[in-house]
Amino acid sequence: MRSRPHVTLEDVARSANVSLATASRVLNGTASVRTDLRDRVVSAAAELAYAPNAHAQALAGGSHRTVGVICHDVSDPYFSAIAGGVMRVATDNGLLVMLAGTFRDPDREVAYVSMLRAQRASAIVLIGSAFEDRAWERAMAAELEPYRRGGGQVAAVSRHRGLKIDSVQPDNRGGAAELAKSLFGMGHRRFAVLAGPRQLTTVIDRLSGFSTALAELGVTVREEDVVEGAFSREGGYEAMRAVLARSKRKLPTCVFAVTDIMAMGALAALREAGLAAPDDISIAGFNDIPVVRDLTPTLSTVALPLEQLGERAMDLALKGSSGGRPRVVRMSGQVMLRESTGRPRR
């Protein structure tokens with residue numbers, strides 16, 4: 001009999017008039033099944049020339065369970081540190097890790113989730129910021145909801161408002177607010193903010209926390225004070241150049257970059273202009289990636305427990321959800337004032 005292409009386990013179950021679980025138990029040998037049911041499944045599989053997917057069997061069998069980790073940019077130390085925490089817990093539990101980078105493309109992120117579903121990954125961990133985009137939310141939910149109903153586990157790092165999934169959420173808003181208060185306490189009243197793409201929840205929360213805290217202290221961060229750039233060293237460099245292109249009397253005394261990587265680019269632009277931090281302009285970042293402690297000057301920032309964020313997210317995925325309300329683990333940051341910030345000149 002000539003083999004039919006694309007015969008699935010569902011086809012076999014339907015032909016044998018049994019449940020999908022029963023067909024799986026018979027063909028994978030994972031549990032005993034009544035003789036009459038077993039005979040029907042075996043007969044249907046032979047008639048349809050069903051060939052089991054060996055790779056899917058390995059994933060489902062537990063000996064080579066996998067977890068898919070999806071981030072925005074694997075070269076960014078922020079994501080690599082979080083991924084390191086995920087991998088540590090995954091390795092301790094005998095899981096293989098597949099790491100994918102989306103370069104902040106929402107369509108690519110949805111496509112990666114779809115691929116991981118097809119490969120029957122036992123868990124998916126999203127460690128990139130969510131997008132404030134209804135179309136993205138609907139597309140992602142359409143992939144994740146059936147995956148979870150089928151037994152897959154999902155957890156995320158950062159706020160994902162439109163998705164009903166477990167998450168570990170760094171206190172981006174609160175950390176930025178505390179940083180603003182510390183910089184205000186140094187005497188700064190004129191600020192600029194180097195922001196990443198505004199559709200990212202991380203950017204929204206950090207910008208909101210920073211500007212709201214200053215507003216409560218009587219300082220207004222105007223729209224023209226916020227310069228949007230790519231979430232990268234180059235993005236910070238170009239955004240800082242735009243700030244420095246203003247007339248001297250409109251220059252800020254302090255610049256807040258919403259990520260350390262952008263702050264590093266800002267420091268480079270400042271040096272290129274013949275200026276220095278903090279003598280001319282103070283610069284602060286967010287995340288406390290390891291390299292910022294080795295910069296000259298060392299970077300003031302908000303320190304997040306990056307590896308712990310990944311570890312807790314993987315723990316959530318391993319423990320599984322009870323099916324009730326999504327679990328949320330909140331983790332706070334700590335303001336670290338270093339050499340890149342100081343009191344403004346009179």
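Per-structure values
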item	result
Solvent-accessible area per residue, Å², over the chain with all protein chains present [probe radius 1.4 Å]	48 Å²
Probe 1.4 Å - accessible area at Tyr50, Å² to nearest ten	50 Å²
Accessible surface of the stretch 195-298 [probe 1.4 Å, protein heavy atoms]: carbon and sulfur percent	50 percent
Relative contact order of the chain, defined on C-alpha pairs under 8 angstrom at six or more residues apart (%)	17 percent
Most to least packed among 198-209, 95-106, 170-181 [average Cβ atoms within 10 Å]	170-181, 198-209, 95-106
Net charge dipole size for the chain [Lys, Arg +1 and Asp, Glu -1 on Cβ; Debye, nearest 20]	520 debye
Contour minus Cα-Cα distance for Met98 and Thr35 (0.36 nm per residue)	18.7 nm
Accessible area, probe 1.4 Å, largest first, for residues Ser15, Ser282	Ser15, Ser282
Local net charge near Ala139, Cβ-Cβ under 10 Å (Lys/Arg +1, Asp/Glu -1)	-3
Dipole magnitude (debye, nearest 20) for the stretch 159-220, charges at Cβ of Lys, Arg, Asp, Glu	180 debye
Total formal charge among the other residues, if their Cβ is under 14 angstrom from that of Arg173, Lys/Arg +1 and Asp/Glu -1	+1
Kirkwood Rh and Cα Rg combined as Rg over Rh, evaluated for the chain	1.13
Geometric extent, Cα atoms of the stretch 237-346 - Rg, Dmax (angstrom)	18.1, 58
Percent carbon-and-sulfur accessible area, the stretch 56-157, ignoring ligands, DNA and RNA, probe 1.4 Å	51 percent
Prolate/oblate/rounded call for the stretch 137-225, Cα gyration tensor, a/c under 1.5 rounded	prolate
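The values are calculated or read from the model by the stated rules, or taken from the named source; none is laboratory data. Keep in mind the model is a prediction, meaning the values are calculated, not measured. Here the Cβ is made from the backbone with ideal geometry for all residues, glycine too, and neighbour counts use every protein chain on show. Side chains included, ligands, DNA and RNA excluded: accessible areas come from the protein's heavy atoms. Shrake-Rupley method; radii C 1.70, N 1.55, O 1.52, S 1.80 Å.
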